[in-house]
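Below: one structure, written as structure tokens.
Read-outs throughout are calculated quantities, based only on the coordinates presented, and are distinct from any laboratory measurement. If you're wondering where the values come from, they're calculated on a predicted model, not measured in any experiment. Quick reminder, even Gly has a Cβ in these numbers, built from the backbone with ideal geometry, and neighbours come from all protein chains shown.
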Amino acid sequence: MDYAATGQEALSRIAAAQDLDTLEGLRVEFLGKQGSISGLLKTLGGMNPDERQSEGPKIHALRESVTEALSGRKAGLEGAALEARLAAERIDLSLPAPDMPRGSVHPVSQVMDEMAEIFADMGFAVATGPEIEDDWHNFTALNMPESHPARAMHDTFYFPDKNADGREMLLRTHTSPVQIRTMLERGAPLRVIAPGRVYRSDSDATHTPMFHQIEGLVIDKGIHLGHLKWTLETFLKAYFEREDIVLRLRPSYFPFTEPSVEVDVGFTLVNGKRVLGGQEGWMELLGSGMVNRKVIAAGGLDPDVWQGFAFGVGVDRLAMLKYGMDDLRAFFDGDVRWLAHYGFAPLDVPTLSGGVGTAA
Ligand code: PHE
């Protein structure tokens with residue numbers, strides 16, 4: 001019997017099988033109970049020992065090679081089927097959605113997040129207050145009674161009607177009224193920052209009628225100017241990501257702080273441009289001071305027990321200084337090209353460990 005030819009034919013039919021069903025059909029045809037090769041094996045029983053000695057190994061070898069070819073082809077077909085299925089069911093989650101406008105985070109939001117992150121690390125919580133404020137919280141409680149000249153300096157937007165309590169209503173001119181609200185609501189001790197919009201009737205390259213401030217307020221026992229200086233220094237070093245930030249505290253005046261200090265930060269001239277750090281020159285950065293006793297009392301606390309410091313800083317100005325914008329008005333134009341240039345990736349959340357200063 002020509003086993004070689006039988007084997008050849010079987011192997012080439014196995015190799016040509018295009019699917020698993022066909023292959024299973026071939027397995028039954030060759031190796032099933034009634035299969036042709038199984039039939040050959042059965043013939044061994046009727047042979048004499050000599051024949052069996054010479055034919056046995058050939059038939060076994062034939063069965064062996066067919067078995068092997070079947071399982072090899074089976075693995076091949078299964079692999080190809082899996083590949084095809086994976087290709088058909090593939091979803092590339094990394095693909096950007098087509099033709100969708102991409103949003104970005106406004107530098108003002110970014111800077112507020114950066115500040116919140118830095119101050120959170122120093123144990124400050126975030127407080128808020130209304131943008132439509134009454135004149136008591138915005139002025140009177142902050143030691144600016146009705147006749148106080150400082151009121152005139154604020155270029156206030158007033159509403160024509162008083163509120164139900166007969167209080168004059170206005171758009172808050174600073175975030176300082178949140179000091180009063182927070183003391184009244186939460187008592188002492190306190191460590192808060194209050195970011196938000198403020199309004200003044202003023203407009204040029206460095207002033208817009210609406211801008212942003214962050215107020216800081218610490219109320220506790222035994223608080224002094226050193227705590228204020230350390231806090232601002234620590235904040236500014238983290239914010240500008242430079243160790244060589246130098247502060248200069250200048251005596252100043254705010255009705256709600258006593259003493260009051262204007263804080264300047266040193267800069268260096270690099271190719272004619274001011275870069276923060278060093279002390280070749282000074283620029284005015286923020287107002288601050290020890291909370292006035294009258295303000296602590298207006299907040300419902302005993303000024304003989306509680307002391308504190310407060311500061312207020314322009315968020316927009318901090319953004320300009322760090323990210324190099326030169327016209328404040330562009331912040332509020334809503335020009336998508338400006339936003340695309342200066343905006344921040346939505347998932348680029350500022351963290352102290354990752355660096356709050358991730359460049360745009
Ligand atoms: N409210 C002041 C301003 O808008 C800033 C300030 C806040 C000063 C807190 C001292 C203390 O100019």
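My understanding is that a pair violates if its Cα-Cα distance is over 31 Å; which of 221/322; 229/273; 162/322; 162/221; 162/294 do that in this structure?
On the way: 221/322 34 Å; 229/273 27 Å; 162/322 41 Å; 162/221 38 Å; 162/294 25 Å.
As for pairs spanning more than 31 Å Cα to Cα, those are 221/322; 162/322; 162/221.
Calculate one ³J(HN,Hα) per residue across region 131-147 by plugging θ = phi - 60° into the Karplus curve 6.51 cos²θ - 1.76 cosθ + 1.60, and present them in order as whole Hz with x for glycine and proline.
The phi angles translate into 7, 8, 10, 9, 5, 5, 5, 6, 10, 4, 5, 9, 6, 10, x, 3, 8 Hz.
With +1 on the Cβ of every Lys and Arg and -1 on the Cβ of every Asp and Glu, and nothing else charged, how large is the dipole of the chain about its Cα centre, in debye rounded to the nearest 20? Please list the in-between numbers first.
Working: 35 positive and 51 negative charges, 87 e Å.
In debye, rounded to 20, the chain gives about 420.
HN-Hα J couplings of region 55-72 from phi, Karplus 6.51/-1.76/1.60, θ = phi - 60°, integer Hz, Gly and Pro as x?
Karplus-based 3J(HN,Hα) across region 55-72 equals 7, x, x, 5, 5, 4, 5, 4, 4, 4, 5, 5, 4, 4, 4, 4, 6, x Hz.
Please give me, ordered by residue number, the chymotrypsin sites (Phe, Trp or Tyr not before Pro) of region 118-181 that lie in loop per DSSP and have at most 12 other Cβ atoms within 10 Å. Don't skip to the answer; put the middle values down first.
Details: sites: 119, 124, 136, 139, 157, 158; in loops: 124, 139, 157.
Listed in order of number, the matching sites amount to none.
For the charge dipole of the chain, defined by +1 on Lys and Arg C-beta atoms and -1 on Asp and Glu C-beta atoms about the Cα centroid, which residue among 239, 49, 66 has the Cα displaced farthest towards the positive pole?
Value computed over the given set: 49.
Magnitude of the Cβ-charge dipole of region 3-88, K/R +1 and D/E -1, about the Cα centre, nearest 20 debye? Please list the in-between numbers first.
Working: 10 positive and 12 negative charges, 26 e Å.
Roughly 120 debye for region 3-88.
Where does helix 225-240 land angle-wise versus the long Cα axis of the chain, in degrees 0 to 90, nearest 10?
It works out to around 40 degrees.
Could you compute how fast the chain diffuses translationally, taking Rh as the Kirkwood radius over C-alpha pairs and applying Stokes-Einstein at 37 °C with viscosity 0.692 mPa s? Give it in µm² per second. Show your work: numbers first, answer last.
Working: Rh = 26.7 Å.
So the translational diffusion coefficient is about 123 µm²/s.
Sequence-distant or interchain residues sharing an amide H contact under 5 Å with residue 309, placed H: which?
Those qualifying (amide H under 5 Å, at least 5 residues apart or on another chain) are 218, 291.
In degrees, nearest 10, range 0 to 90: what is the angle between the Cα axis of helix 177-186 and the longest Cα principal axis of the chain?
70
Taking only Cα atoms, what is the 0 to 90° angle, nearest 10, from helix 3-16's long axis to the longest principal axis of the chain?
30
Counting helices only, and only those DSSP H runs with n ≥ 4, report the 222 nm mean residue ellipticity of the chain as the sum of -39,500 (n - 2.57) divided by its residues, in deg cm²/dmol to the nearest 500.
On the way: 12 runs with 146 residues, N = 360.
Per the formula, -12500 deg cm²/dmol.
Quick one: which of 82-94, 297-309 comes out on top by average Cβ neighbours within 10 Å, and what's the full order, highest first? Display every interim value, and only then the final one.
Details: 82-94: 7.5, 297-309: 18.3.
Answer by packing, highest mean first, reads 297-309, 82-94.
Need the C-alpha centroid separation for region 229-261 versus region 100-164, integer Å.
19
Dipole size in debye (nearest 20) for region 126-244 around its Cα centre, Lys and Arg Cβ +1, Asp and Glu Cβ -1?
On the way: 13 positive and 18 negative charges, 73 e Å.
Dipole of region 126-244, to the nearest 20 debye: 340 debye.
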